[in-house]
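**Student:** My questions will all concern the structure given below.
The values are calculated or read from the model by the stated rules, or taken from the named source; none is laboratory data. Please read these numbers as outputs of a predicted model, since none were measured by experiment. Glycine gets a Cβ as well: all are built from the backbone with ideal geometry, and neighbour counts include every protein chain shown. The area values use the complete protein model at the heavy-atom level, side chains included, leaving out ligands, DNA and RNA. Shrake-Rupley method; radii C 1.70, N 1.55, O 1.52, S 1.80 Å.
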Amino acid sequence: MGEESDFGVYEQLRAMVDLLAHVLQCCSPHCQYPNCWKVNWLFRHGTECKTGHFGVCVLCKKMWYLLQLHAPSCKETECHIPRCRDLKEHSRRLQQDTDARHGAAVEEILRKRAADIAGNSG
């Protein structure tokens with residue numbers, strides 16, 4: 001049962017990312033693509049909102065959520081989706097920081113083990 005619901009969630013997220021890509025290239029004022037006008041309106045709102053996603057604006061938070069869904073799976077170097085490159089760079093830096101902390105922790109454990117071995121043999 002868990003796999004089926006996970007698949008449904010994945011499909012919904014994939015559809016949202018596809019919709020985002022469609023909206024940003026759509027020029028039709030009467031587009032029939034499901035929810036195109038809603039997401040288009042959401043982006044227009046995001047450019048004009050004074051509260052912003054760090055405030056209490058639920059609409060801006062939804063827009064950022066869509067952008068954050070897109071960025072991790074994007075492989076394009078010149079992606080036209082707003083903030084995609086920034087979000088990918090931010091994720092890359094976070095991963096580097098995590099990797100560096102992990103490496104430092106492993107080195108500390110190895111250093112302590114070496115000191116324990118040296119202390120026990122002498």
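**Student:** Could you tell me how many of the residues in segment 61-120 are outside any helix (DSSP H, G or I) and open to solvent by less than 60 Å² (accessible area, probe 1.4 Å)? Steps first, please.
**Tutor:** Initial filter on segment 61-120 (outside any helix (DSSP H, G or I)): 74-83.
From what is left, the residues that are open to solvent by less than 60 Å² (accessible area, probe 1.4 Å) are 74, 79, 81-82.
Going through segment 61-120 one residue at a time, the tally reaches 4.
**Student:** Taking Q12 as meeting all but one of (1) under 21 Å from the mean Cα position of the chain (by Cα); (2) surrounded by 14 or more Cβ atoms within 10 Å (Cβ to Cβ), write down the number of the exception.
**Tutor:** Only one criterion in (1) under 21 Å from the mean Cα position of the chain (by Cα); (2) surrounded by 14 or more Cβ atoms within 10 Å (Cβ to Cβ) is unmet by Q12, namely (2).
**Student:** Output the residue which, of all residues in segment 22-32 that are surrounded by 14 or more Cβ atoms within 10 Å (Cβ to Cβ) and at pLDDT 85 or above, is farthest from L67 (Cα to Cα).
**Tutor:** By that ranking, first place goes to C31.
**Student:** Among the numbered criteria (1) modelled with pLDDT of 85 or more; (2) exposed (fewer than 14 other Cβ atoms within 10 Å of the Cβ); (3) not hydroxyl-bearing (S, T, Y), which single criterion is violated by L19?
**Tutor:** Single failed check for L19: (2).
**Student:** It is to be established whether one or more residues within segment 41-58 are under 19 Å from Q12 (Cα atoms) and outside any loop (DSSP other than H, G, I, E, B).
**Tutor:** Kept after step one, since they are under 19 Å from Q12 (Cα atoms), are these residues of segment 41-58: 42.
After this cut, where a residue has to be outside any loop (DSSP other than H, G, I, E, B) as well, the list is 42.
Looking for residues that are under 19 Å from Q12 (Cα atoms) and outside any loop (DSSP other than H, G, I, E, B), one finds at least one in segment 41-58, hence yes.
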